[in-house]
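Visitor: Pasting a structure below so you can have a look.
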Amino acid sequence: MSHPANLITIFKREFKVYFVSPIAYIVIAIFLVLTGWFFFSTFFLYNQAQLRDFFSLLPLIFSFIVPTLTMRLFSEEFNVGSYEILATLPVTFRDIIVGKFLAAVAFVAIMLLPTLSYAITIAAIGELDWGPVVGGYIGAVMLGAAYSAIGVFASSLTKNQIIAFITGMIICLVLTLIDKLLFFMPESLLGFFQYAGAAYHFQNVARGILDSRDILYFVSLIFVALYGAHLVVEEKK
């Protein structure tokens, strides 16, 4: 039977692992260098007090960064055999999956924190509209959560971390780019493919308007991915 204490134990265990590995610091550094370079290069070019360019890049950057953070969550456990030990403990599959998922989401949120300095810098030198900034960060956390759930699912499929990364990255990239390729789609299916695009819903939230359809999209995506991981892990017991 699932118990909140078990879930918190799994969460703490996974979250701590992120910070004992150099990979976490390398990923944060790469993320900040990429977002900082893309952001400030266009900021000084257009000289506008807004973070629109920063948020427009996030779905693409997250498509590579988030699967890097999640690829080990199950794959490493399967590879070294520690999952068998974990499965013998009095925890449910749901505790394990949700605990790992929440640890990844918490790490993504922490990774975003230093980028608040971009907003503070712009606000110090110009008139920044904080509504889209707050919406952008809320959308970034929801997007990071959705891609983390996909990464958990991809990691549950294999004991090879590289395959888990590639699988997660491809799914995230498809969801990021699908609404950019609508001119290739049949006209009758344009609405469906546009709704399927994660970047489309993220940009809606980043405008500072919280629409229930966008929230429902991210919640549904997280549920489907985590439920898929549950089915895969249960099959391997």
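Visitor: Do the conditions hold for Leu175, that is, is it out of contact with any Ser or Thr (no Cβ under 6 Å at 6 or more places or on another chain) and more than 25 Å from Ile97 (Cα to Cα)?
Guide: Criteria not met by Leu175.
Visitor: Quick check on segment 100-119: of everything there that is at pLDDT 85 or above and more than 14 Å from the chain's Cα centre (by Cα), which residue is nearest to Tyr227 (Cα to Cα)?
Guide: Leu113
Visitor: Filter segment 144-173 down to the residues that are open to solvent by 10 Å² or more (accessible area, probe 1.4 Å) and in contact with a Pro (Cβ under 7 Å, 6 or more places away or on another chain), then identify the one that is nearest to Gly81 (Cα to Cα).
Guide: Ranking the qualifying residues of segment 144-173, first place goes to Phe165.
Visitor: Another question about this same structure. Can you tell me how many residues within segment 16-34 are at pLDDT 85 or above, surrounded by 12 or more Cβ atoms within 10 Å (Cβ to Cβ) and within 30 Å of Thr121 (Cα to Cα)?
Guide: The qualifying residues number 7.
Visitor: A further question on this structure: Please identify the pairs in which a residue from segment 69-85 that is surrounded by fewer than 20 Cβ atoms within 10 Å (Cβ to Cβ) has its Cβ atom under 9 Å from the Cβ atom of a residue that is small (Gly, Ala, Ser), counting only partners at least 6 apart or on another chain.
Guide: Glu76/Ser82; Glu76/Ser155
Visitor: Also: Just to verify a result, which residue in segment 125-143, among those that are open to solvent by 10 Å² or more (accessible area, probe 1.4 Å) and of a type in the set (Val, Ile, Thr), is nearest to the chain's Cα centre (by Cα)?
Guide: Across segment 125-143, the extreme among qualifying residues is Val141.
Visitor: Could you list, in sequence order, the residues of segment 190-221 that are among the β-branched types (Val, Ile, Thr) and either open to solvent by 40 Å² or more (accessible area, probe 1.4 Å) or out of contact with any Asp or Glu (no Cβ under 9 Å at 6 or more places or on another chain) (or both)?
Guide: Matches in segment 190-221: Ile209, Ile215, Val219.
Visitor: Does segment 92-124 hold any residues that are open to solvent by 10 Å² or more (accessible area, probe 1.4 Å) and touching a His at 6+ places or on another chain (Cβ under 6 Å), and which are they?
Guide: Passing the criteria: only Phe93.
Visitor: Would you point out the residue of segment 227-237, among those that are assigned to a helix (DSSP H, G or I) and either open to solvent by 90 Å² or more (accessible area, probe 1.4 Å) or closer than 11 Å to Ala145 by Cα (or both), that is modelled with the lowest pLDDT?
Guide: Here the answer is Glu235.
The values are calculated or read from the model by the stated rules, or taken from the named source; none is laboratory data. Here the structure is a predicted model, which means the values were calculated and not measured. Don't worry about glycine lacking a Cβ; one is built from the backbone with ideal geometry, like all the others, and counts go over all protein chains shown. These area figures cover heavy atoms from the full protein model, side chains too; ligands, DNA and RNA do not enter into them. Shrake-Rupley method; radii C 1.70, N 1.55, O 1.52, S 1.80 Å.
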